[in-house]
Amino acid sequence: MRYDICCIGHVTHDRIITPQATTELPGGVTYYFSHGLSHLLNSEDGISYRLVASLGESDMQAVADMRARGIEVEVVPSRDTVFFENKYGDNVNDRTQRVLAKADPFTVESLAGVDAKYIVLGTLLADDFSLDVVKSLSGRGTLVVDAQGYLREVRGDKVYPCAWKDKEEYLKYIDILKVNEHEVRSLTGMDDLLAGAHRLVEWGVKEVLLTLGSLGSYVVTPDDTIAIPAFAPREVVDATGCGDTYVMSYLYKRVQGCGIKEAATFAAAVSTIKLEHSGPFTGTEAEAVARIK
């Protein structure tokens with residue numbers, strides 16, 4: 001079956017340690033993307049979605065919970081689940097992150113059955129999806145990638161920024177690339193963010209989604225630069241997963257046949273609603289439309 005959207009990636013096991021409590025919960029791009037999309041989809045849309053997730057046997061409850069929400073999940077077995085530990089001091093900006101376990105990278109063989117109009121790679125770390133995997137998926141649908149994972153690696157139990165090895169070769173096969181201001185600078189070495197986004201287009205990307213938080217976002221294509229204003233949140237509660245939410249809601253509208261500006265405006269509104277709450281987006285399309293109006 002050919003799906004409208006397929007998201008591929010590792011579901012993580014996250015341990016959050018604060019002076020008040022220790023909490024353990026699932027996370028990762030796939031988690032925020034899938035749960036958020038499940039709140040937008042309804043039977044009238046006719047939009048089909050599939051998640052291809054990799055995780056260890058001990059964390060399969062996360063998959064059971066998603067299936068209970070009606071999310072179709074295919075599991076690619078892994079020896080371990082990606083395990084992030086985030087320890088915060090009294091100041092929330094004082095964070096120490098460790099990676100206590102890594103999952104197996106995806107392979108061409110493990111993704112042989114993937115077929116969708118939009119194929120989303122939920123990158124977490126630089127070795128999640130090799131160039132061979134990207135090449136094998138590129139001809140099957142519009143390939144969507146968040147640059148964040150390719151710009152960080154694990155050494156020991158610590159996460160470090162890294163260069164995206166062979167980035168120009170990868171970008172020939174990527175149709176839509178999501179980046180923020182730090183990632184544009186890292187990839188291109190350019191302080192002019194829009195010029196950097198255009199450089200990514202020159203390297204082969206067809207649509208660059210450049211998100212700048214409260215400064216709004218841009219969609220840069222070979223033919224146009226579209227500015228999207230930000231929507232002011234009523235309060236800022238939890239920014240985790242906002243980038244995943246932006247991509248998710250953008251593709252939700254593109255699948256419906258909306259143009260770039262309408263889809264990106266919707267994505268900005270949905271991301272703002274998510275920012276006002278902890279965890280994945282749990283609002284509705286009507287809420288986002290009302291926020292836009």
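The values are calculated or read from the model by the stated rules, or taken from the named source; none is laboratory data. This structure is a prediction, so every number in the text was calculated from the model and none was measured. Note: ideal-geometry Cβ built from the backbone for every residue, glycine included; neighbour counts use all protein chains shown. Remember, those area values only see protein heavy atoms, side chains included, never the ligands or the DNA or RNA. Shrake-Rupley method; radii C 1.70, N 1.55, O 1.52, S 1.80 Å.
Let's test the formula: R0 of 41 Å, r as the Cβ-Cβ distance of residue 68 and residue 214. What FRET efficiency results, to the nearest 0.05?
The value I calculate is 0.70.
Approximating the spin labels as points 7 Å out from Cα along Cα→Cβ, the residue 191-to-residue 160 distance works out to 2.7 nm.
Rounded, prolate or oblate: pick one for the stretch 112-200, where a ≥ b ≥ c are the square roots of the eigenvalues of its C-alpha gyration tensor, a/c under 1.5 means rounded, and failing that, prolate if a/b is larger than b/c, else oblate.
Note, shape of the stretch 112-200 comes out oblate.
May I ask you to give the percent of accessible area on the stretch 164-230 that is carbon plus sulfur, with a probe radius of 1.4 Å? With neighbouring chains kept in place, the figure for the stretch 164-230 is 47 percent.
Fully extended, how many nm does the chain gain between residue 132 and residue 172 (0.36 nm per residue separation, minus their Cα-Cα distance)?
Working: separation 40, 0.36 × 40 = 14.40 nm, distance 1.26 nm.
Here the segment from residue 132 to residue 172 would lengthen by 13.1 nm.
Relative contact order of the stretch 180-267, taken over Cα pairs closer than 8 Å and 6 or more residues apart, is 18 percent. Based on Cα contacts under 8 Å between residues 6+ apart, the stretch 68-126 shows a relative contact order of 28 percent. Annotation for residue 290 and residue 239: the two label points, set 7 Å from Cα along the Cα-Cβ direction, are 2.7 nm apart.
Would you mind working out the magnitude of the charge dipole of the stretch 137-245 relative to its Cα centre, with +1 at each Lys and Arg C-beta and -1 at each Asp and Glu C-beta, to the nearest 20 Debye?
Dipole magnitude for the stretch 137-245 comes out near 240 debye.
Amide H contacts of residue 216 (H built 1.01 Å from N, in plane; Pro and chain starts excluded): 230 sit under 5 Å, all sequence-distant by 5 or more or on other chains.
Taken about its Cα centre, the chain carries a charge dipole of roughly 160 debye when the Cβ of each Lys and Arg holds +1 and the Cβ of each Asp and Glu holds -1. Classification of the stretch 149-197 by its C-alpha gyration tensor yields an oblate form. The axis ratio a/c (a ≥ b ≥ c) is 1.5 or more, and b/c is at least a/b. Above 32 Å, the calculated P(r) of the chain contains 20 percent of its Cα-Cα pairs. Please go through the residue pairs 167/293; 172/261; 158/253; 102/178; 117/261; 87/293 and name each one whose alpha carbons sit more than 28 Å apart in this structure. Table pairs above 28 Å Cα-Cα are 167/293; 158/253; 87/293. Projecting the Cα atoms of 173, 201, 189 onto the charge dipole of the chain (Cβ charges, centred on the Cα centre) puts 201 farthest toward the positive pole. Normalised by the number of residues in the chain, the average gap of Cα pairs under 8 Å and 6 or more apart makes the relative contact order 15 percent. Sorted into 5 angstrom bins from 0, the C-alpha pair distances of the stretch 96-151 split as 4, 17, 28, 26, 13, 6, 4, 1 percent. For the stretch 24-122, the solvent-accessible area works out to 48 Å² per residue, with a probe of 1.4 Å and every protein chain left in place. Which of rounded, prolate or oblate describes the stretch 38-179 when judged by the alpha-carbon gyration tensor and an a/c cut-off of 1.5? Oblate is the answer for the stretch 38-179, as a/c is 1.5 or above yet b/c matches or exceeds a/b.
Residue by residue, the stretch 228-245 carries 3J(HN,Hα) couplings of 10, x, 7, 9, 5, x, 5, 7, 9, 10, 7, 8, 4, x, 5, x, 5, 5 Hz when phi is fed to the Karplus relation 6.51 cos²θ - 1.76 cosθ + 1.60 (θ = phi - 60°); x denotes Gly or Pro.
Taking amide H as placed 1.01 Å from N in the peptide plane, the amide H of residue 101 sits under 5 Å from that of 83, each at least 5 places away or on another chain. Across the options 150, 77, 112, the greatest Cα extent toward the positive end of the charge dipole of the stretch 74-182 (unit charges at beta carbon of Lys, Arg, Asp, Glu) belongs to 150. Ligands, DNA and RNA left out, the 1.4 Å accessible surface of the stretch 1-133 is 46% carbon and sulfur atoms.
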